[in-house]
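Enquirer: Input: one structure, supplied below.
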Amino acid sequence: NIDNHTYVSVNEGKVRFTTPSGTSILTAGTQADYNAATQSLNTATEFSKNTIAYATKQLSYNGSSLRTVVNDLKLHFPQYNIEIPATMAKCKISGDYNLEEGIHNILLVLAATLNAELTFNEKQHSASFVGGTCQL
């Protein structure tokens, strides 16, 4: 439940999603979004597998921006502050990342991919990318 929205994403099987606005039958690969403020129910035929990363523990990207990857990591590791230079925000990232490997290992792989240095500040639970090269 985020900002008056309730999301349901179905990876396999079938789910009945009932709201004051109506009922929707969701099947594998579909998603519904109920907005309580407007009392509207929207369904989508496809959703990103990263939507269910809380269950699968996998994030997967194919040409996504580093900014997108970092934003997703912040959702799964909210106590961690990750900073990237503006010049790297649009760097394209492709690959699969296992959340169970931990934030440090994932960030080290990203830094190596981008030829960047990574500095950690354990007391502040933060990491910063420095330098690096990428294709936009």
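The values are calculated or read from the model by the stated rules, or taken from the named source; none is laboratory data. Remember, predicted model here, so these are calculated numbers, not experimental data. Here Cβ is always computed from backbone atoms with ideal geometry, including for glycine, and neighbour counts include all displayed protein chains. All accessible areas refer to the heavy atoms of the entire protein, side chains included, with ligands and DNA or RNA removed. Shrake-Rupley method; radii C 1.70, N 1.55, O 1.52, S 1.80 Å.
Enquirer: Any residue in segment 116-126 that is in a helix (DSSP H, G or I) and either within 15 Å of Leu59 (Cβ to Cβ) or open to solvent by less than 40 Å² (accessible area, probe 1.4 Å) (or both)? Break it down stepwise before answering.
Expert: Residues of segment 116-126 in a helix (DSSP H, G or I): none.
No, because not a single residue in segment 116-126 is in a helix (DSSP H, G or I) and either within 15 Å of Leu59 (Cβ to Cβ) or open to solvent by less than 40 Å² (accessible area, probe 1.4 Å) (or both).
Enquirer: While we're here: For segment 53-84, enumerate the residues that are under 23 Å from Gly29 (Cβ atoms), surrounded by fewer than 16 Cβ atoms within 10 Å (Cβ to Cβ) and more than 8 Å from the chain's Cα centre (by Cα).
Expert: If the condition is that a residue be under 23 Å from Gly29 (Cβ atoms), surrounded by fewer than 16 Cβ atoms within 10 Å (Cβ to Cβ) and more than 8 Å from the chain's Cα centre (by Cα), then Tyr54, Ala55, Thr56, Lys57, Gln58, Ser60, Asn62, Gly63 are the ones that fit.
Enquirer: Here is a follow-up. Determine, yes or no, whether Val130 is in contact with a Pro (Cβ under 9 Å, 6 or more places away or on another chain), more than 30 Å from Thr18 (Cβ to Cβ) and not polar (S, T, N, Q).
Expert: On the way: in contact with a Pro (Cβ under 9 Å, 6 or more places away or on another chain): yes; more than 30 Å from Thr18 (Cβ to Cβ): yes; not polar (S, T, N, Q): yes.
Yes; evaluated as a whole, the condition is true for this residue.
Enquirer: Would you check if Thr113 is within 20 Å of Gln58 (Cα to Cα) and surrounded by 12 or more Cβ atoms within 10 Å (Cβ to Cβ)? Reasoning before the result, please.
Expert: Details: within 20 Å of Gln58 (Cα to Cα): yes; surrounded by 12 or more Cβ atoms within 10 Å (Cβ to Cβ): yes.
Spelling it out, Thr113 is indeed within 20 Å of Gln58 (Cα to Cα) and surrounded by 12 or more Cβ atoms within 10 Å (Cβ to Cβ).
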